[in-house]
Structures are given as C-alpha cells and as structure tokens.
1. So, in region 1-25, exactly how many residues are in contact (Cβ under 8 Å) with a residue 60 or more places away in the chain and surrounded by fewer than 16 Cβ atoms within 10 Å (Cβ to Cβ)?
2. For region 69-80, give me each residue that is in contact with a strand residue (DSSP E or B) (Cβ under 7 Å, 6 or more places away or on another chain) and touching a residue at least 60 places away in the same chain (Cβ under 8 Å).
3. Could you list, in sequence order, the residues of region 100-127 that are out of contact with any strand residue (DSSP E or B) (no Cβ under 9 Å at 6 or more places or on another chain) and either assigned to a strand (DSSP E or B) or at pLDDT 95 or above (or both)?
4. Say whether the condition of being within 14 Å of residue 21 (Cα to Cα), in contact (Cβ under 8 Å) with a residue 60 or more places away in the chain and assigned to a loop (DSSP other than H, G, I, E, B) is met by at least one residue in region 154-171.
5. Does at least one position in region 9-22 carry a residue that is closer than 22 Å to residue 205 by Cα and either more than 15 Å from the chain's Cα centre (by Cα) or in a loop (DSSP other than H, G, I, E, B) (or both)?
6. What pairs can you find where one residue is in region 209-236 and closer than 11 Å to residue 14 by Cα, the other is not in a strand (DSSP E or B), and their Cβ atoms are less than 6 Å apart, with a gap of 6+ or different chains?
7. Among the numbered criteria (1) within 19 Å of residue 25 (Cα to Cα); (2) touching a residue at least 40 places away in the same chain (Cβ under 8 Å); (3) assigned to a helix (DSSP H, G or I), which one does residue 200 miss?
8. Given the criteria within 26 Å of residue 42 (Cβ to Cβ) and touching a helix residue (DSSP H, G or I) at 6+ places or on another chain (Cβ under 8 Å), does residue 195 qualify?
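The values are calculated or read from the model by the stated rules, or taken from the named source; none is laboratory data. Treat the numbers as computed from the prediction; the structure is a model and nothing was measured. In this analysis, Cβ positions are derived from the backbone assuming ideal geometry, glycine residues included, and neighbour counts consider all displayed protein chains.
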C-alpha cells in the first residue's frame with residue numbers, strides 16, 4: 001500500500017475502519033482480493049511477481065499492511081517487501097517476536113513501514129529508524145514516510161475520516177480514495193525524487209504514464225469480529241478493472257458472492 005488512513009479503537013467507528021490505496025507499476029501483475037488457496041484462512045491481494053502481499057487479514061484476527069518509504073535512493077534489496085505481510089499473516093509468531101525479527105532482518109528489504117498484529121493490538125515498524133511502536137487509539141495515516149507525517153494527501157483523508165459517525169458504506173468513502181487532486185507547490189514534500197515526480201505522486205489517487213494507483217481497499221472490523229473487505233482494482237489511466245467484496249468473521253470464513 002502507499003497510503004493507509006484508519007480509525008483505530010474509536011467510539012464512532014469501532015475496532016478498525018481502514019481506507020487504503022496501493023500504488024504500483026501497471027505492468028507488475030497482481031491477483032485481486034480473495035482467500036488464498038494455499039492459506040484459505042487468509043484474505044488479501046497477492047503480488048504475482050514476488051509472491052507476497054500488500055495487505056491481508058486472517059480468521060485468527062492477524063492483520064498486516066506494508067508501505068514503502070520514499071527517499072529518492074535507487075531501490076536495491078534482496079527481498080520483496082510483500083514477503084513481510086505474507087510472512088507475518090501466515091505465521092504463528094507473536095507480533096512482538098515478529099517485531100524483533102524485523103529489527104534483525106529489515107535491512108534485507110527495501111525501506112518500509114509495516115503495520116501488523118492482532119486487529120485489537122496493532123504495532124508499527126519503520127525500517128529506517130528501526131523503531132517498533134504500539135499503535136495508539138485514534139485516527140492515523142501512514143503513507144511513504146513515518147506514521148502520521150502530515151503530507152497533503154494524508155491530511156485530506158485524515159480530515160474526511162474524522163467526519164464519519166458510523167462505519168461507512170463503500171459508496172460513501174470510495175470517492176475519497178479516487179481523489180486525483182495534486183498538492184499545491186508549497187505543500188509538496190521533499191523526498192529526493194524531484195519536484196515533477198513529487199507533484200505526480202502527491203494525490204490520494206495517482207495516475208501516471210506507467211505507475212499509479214492499482215487498487216483501493218475499504219475494511220471495517222466490528223466489535224463482534226465481523227470483517228468486511230472491499231477492493232476496487234484499476235488499470236492504466238486509472239480505469240476500473242474489477243471490484244470484489246468479501247466478509248470473514250474472526251473464527252470462521254463467510255464470503256459474499
């Protein structure tokens with residue numbers, strides 16, 4: 001994922017209400033949201049090229065989502081960041097034990113943020129700082145810097161999420177994730193990629209020549225453990241190419257056709 005806005009343990013929106021966009025090269029193949037054949041308790045999309053995932057949840061209540069950290073340096077890494085999501089979500093290590101593993105092995109991956117844990121006890125790890133923190137209740141946004149860095153697009157989603165009084169229907173919040181408005185020049189971050197690319201990457205919904213938003217995700221987790229998960233996929237030019245919605249209950253699987 002490249003931007004994740006979420007309300008965590010809030011009175012209005014319950015245990016977790018999450019909105020996210022995954023940005024990637026259009027040519028990189030991916031499988032859309034579904035239960036995984038080799039791990040049928042896991043629900044998420046999958047990267048075909050490296051076999052990992054950008055965001056997933058399972059019937060045990062384990063959750064993980066990754067974003068890359070943008071710093072302008074060429075991406076050179078022995079392992080794909082998507083492996084982090086798959087490794088945690090399919091494994092049995094506690095979140096704290098996995099956090100220690102990240103401190104030892106995080107340098108083997110491209111720079112990343114990983115949010116992971118049980119849906120009621122989430123942690124965040126930044127591979128640049130090697131800091132592991134427990135996520136505090138409230139509204140947060142994680143993009144391509146540290147948690148709650150106040151980029152223009154991050155603050156747009158944060159303020160919109162704060163207006164919700166109940167868990168939203170997909171139609172209520174999908175337009176927020178499809179917002180192509182670019183940041184004004186004075187609010188562009190400086191991540192080392194140059195002003196033209198900073199501008200192209202500044203919207204919530206990115207449309208580039210060969211890179212852009214590939215999918216939007218909406219997830220709601222209720223106090224009873226009911227999880228609704230919607231994914232809208234996009235191709236070149238930001239054109240919608242598919243839409244899927246599934247449900248699971250922590251403890252059992254239930255699909256929506």
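1. The number of residues fulfilling the criteria is 2.
2. 69 - this is the single residue of region 69-80 that is in contact with a strand residue (DSSP E or B) (Cβ under 7 Å, 6 or more places away or on another chain) and touching a residue at least 60 places away in the same chain (Cβ under 8 Å).
3. Once the filter is applied, which keeps residues that are out of contact with any strand residue (DSSP E or B) (no Cβ under 9 Å at 6 or more places or on another chain) and either assigned to a strand (DSSP E or B) or at pLDDT 95 or above (or both), region 100-127 yields 101, 104.
4. Scanning region 154-171, I find no residue that is within 14 Å of residue 21 (Cα to Cα), in contact (Cβ under 8 Å) with a residue 60 or more places away in the chain and assigned to a loop (DSSP other than H, G, I, E, B), so the answer is no.
5. no
6. Correct list of pairs: 220/167; 221/119; 225/250.
7. Going through the list (1) within 19 Å of residue 25 (Cα to Cα); (2) touching a residue at least 40 places away in the same chain (Cβ under 8 Å); (3) assigned to a helix (DSSP H, G or I), residue 200 breaks only (2).
8. For residue 195, the condition - within 26 Å of residue 42 (Cβ to Cβ) and touching a helix residue (DSSP H, G or I) at 6+ places or on another chain (Cβ under 8 Å) - is not met.
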